[in-house]
């Protein structure tokens, strides 16, 4: 059965983005050991997310971190997790602890690796084929 | 059809981290999933200089299955060397890295120039249980660490016994074996327990011979040392408990080592005199309680089943029912081990069953006619079944739930007395 793999890449050759840096996803469709790019999916990020990086420190000192949003960060994670929710796994260079937990709850695997997309997808599709989930 | 194993008495080969823990200042570095060490660490003491809670572990996950976990292993060893002060680091691999084909040996070889020695043992669970794992760890030390020595220390004897922590009395037993060997004028060398460690490992190649006191565990290690280090070995299969066996043991070791017979007999006489003085004082207790337990069964690993059976028959004059060996003794060793059960005093022979399934063991105990209340010495699993038969039960093998043992022991003359004390403590409680 065909399934989807989300990849974080800026150049379409290497896996080179962290989960928290993703603004779009390269969605590959895999079947057995074959895979191909099927979609480039924009992530619908909340507005504050875009400002977050600049105002990150200021926000923390003003509002404190006890507002439930963890420095306003979790909504960005949720949006990204939501965007990969139809995929079997996500491949990027790093996945933070909060994101890991949210992905685990949705039974989405994550692979934090730094290599080419072809190497990663080759191994991952081979793995899924072997564990007979195809 | 899938086979079910009810209440087995051993762990997987990675359980050999116990054996590593027992060597002072030696650290296991685990290349396994995080749950493996957690489950295996139960009941082996989780405090001390090194304990399972701080064993470095690669905690491999799905990513490492797909992409390999060797990078993580490298960084884990690297950091363990930096932050944990040990004398010897032993990498133990679990099932997952061996199934996916991580070359742990290659990673470990990258640390050949490290300040401290790093070696590895392949202890994947599918290769066997923790008895085999223990052998793998000793093998790793022989193969990767020890070097042949031309210098020999006259009278130096390496003593090897059963598996630390798996054997509740391991520490006391090995110390008492040392004492006995020392008394006949030899110098014992052991690597497990307090104040032993790497300096004793370094002495191994200088020994005059290896002494293995175990029915089968460690035999392959002895053969390996004979080949690689040129150390001959004496395999004494019975754990000597009580006067009869211990005297036999001392005579045989003495003969092998070329110790003066007179000296041995003097040591034996001194011990036996005191031993039988104690027995004599309580002879009435034995005779009265004999009525309770005519027959007995031991349910334990090969060393205790054999050692205790010989003791109860030869020294206490009890009659053996079926004896159960639960350590999954390798098939090629079984015949030899079973043969030992035929060498009992008074022309008696004990029937022995190699059985790992507790359900079957319990069914056999229930269906056997013990000619009265049974005496069962076994793991905690046997408590309920023995109580159901109104028998007397003593917990002597893994799992142990109803006693705490620091350095008590059953080996030797004193050990025999301790075992008698324990058995009759249970027996006399019947009347209170």
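Is the shape of region B:264-349 best called rounded, prolate or oblate, per the rule: a/c under 1.5 gives rounded, else a/b larger than b/c gives prolate, else oblate, with a ≥ b ≥ c the square roots of the Cα gyration tensor eigenvalues? Could the numbers behind the result be given before it?
Numbers: a/c = 2.54, a/b = 1.47, b/c = 1.72.
The shape class here is oblate.
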Please report the antiparallel percentage of the DSSP beta bridges confined to region B:126-254, to the nearest 5.
0 percent
When the Cα centres of region B:154-207 and region A:18-33 are compared, how far apart do they sit, in Å?
59 Å
Cα-based helix-to-principal-axis angle, B:70-83 vs chain B, degrees rounded to 10:
80 degrees
I need the semi-axes of the equivalent ellipsoid of region B:270-429: take the C-alpha gyration tensor, multiply each eigenvalue by 5, square-root it, list largest first in whole angstrom.
23, 19, 16
P(r), alpha carbons of the protein assembly as shown - 20 Å bins starting at zero, rounded %:
18, 41, 26, 13, 2
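What order do you get for A:131, B:54, B:96 when you list them from fewest to most C-beta neighbours inside 10 Å? Show your work: numbers first, answer last.
Values: A:131 11, B:54 15, B:96 21.
The fewest-first ordering by Cβ neighbours comes to A:131, B:54, B:96.
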Rounded, prolate or oblate: which fits region B:110-268, taking a ≥ b ≥ c as square roots of the Cα gyration tensor eigenvalues, rounded meaning a/c under 1.5, else prolate when a/b beats b/c?
prolate
Counting pairs of alpha carbon atoms under 8 Å apart in space and at least six apart in sequence, what relative contact order in percent does chain B give?
16 percent
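Give the average over all directions of the projected area of the C-alpha convex hull of region B:100-162, one decimal, in nm².
Mean projected area for region B:100-162: 6.3 nm², to one decimal.
Report for chain B the percent antiparallel among DSSP-assigned beta bridges with both residues inside it, nearest 5. It would help to have the intermediate numbers written out before the result.
On the way: 1 of 41 bridges.
So the antiparallel bridges in chain B amount to around 0 percent.
Dividing the convex hull volume of the alpha carbon atoms of region B:13-145 by its residue count, what do you get in Å³ per residue?
With only Cα atoms used, region B:13-145 gives 94 Å³ per residue.
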For chain B, the longest principal axis of the Cα atoms and the Cα long axis of helix B:242-257 enclose an angle in degrees, to the nearest 10, of 50 degrees
Between 0 and 90 degrees, rounded to the nearest ten: what's the tilt of helix B:412-429 against the longest Cα principal axis of chain B?
60 degrees
Kindly put B:366, A:4 in sequence by how many other C-beta atoms sit within 10 Å of each C-beta, fewest to most.
B:366, A:4
All-pairs alpha carbon distance profile, region B:156-242, 5 Å steps from 0, percent:
3, 15, 25, 30, 20, 7, 1, 0
Which whole number of Å³ per residue matches the convex hull of the alpha-carbon atoms in chain B?
148 Å³
Based on DSSP H runs of at least 4 residues, each adding -39500 (n - 2.57), what is the mean residue ellipticity at 222 nm of chain B after dividing by all its residues, to the nearest 500 deg cm²/dmol?
-13000 deg cm²/dmol
For the protein assembly as shown, give the share of DSSP beta bridges that are antiparallel, in percent and rounded to the nearest 5; count only bridges with both residues there.
25 percent
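Rule-based calculations on the coordinates, nothing more; no lab input. Note that the coordinates shown come from a computational prediction; the quantities given were computed from them, not determined experimentally. Every residue, glycine among them, receives a Cβ derived from its backbone with ideal geometry; neighbour counts consider all protein chains shown.
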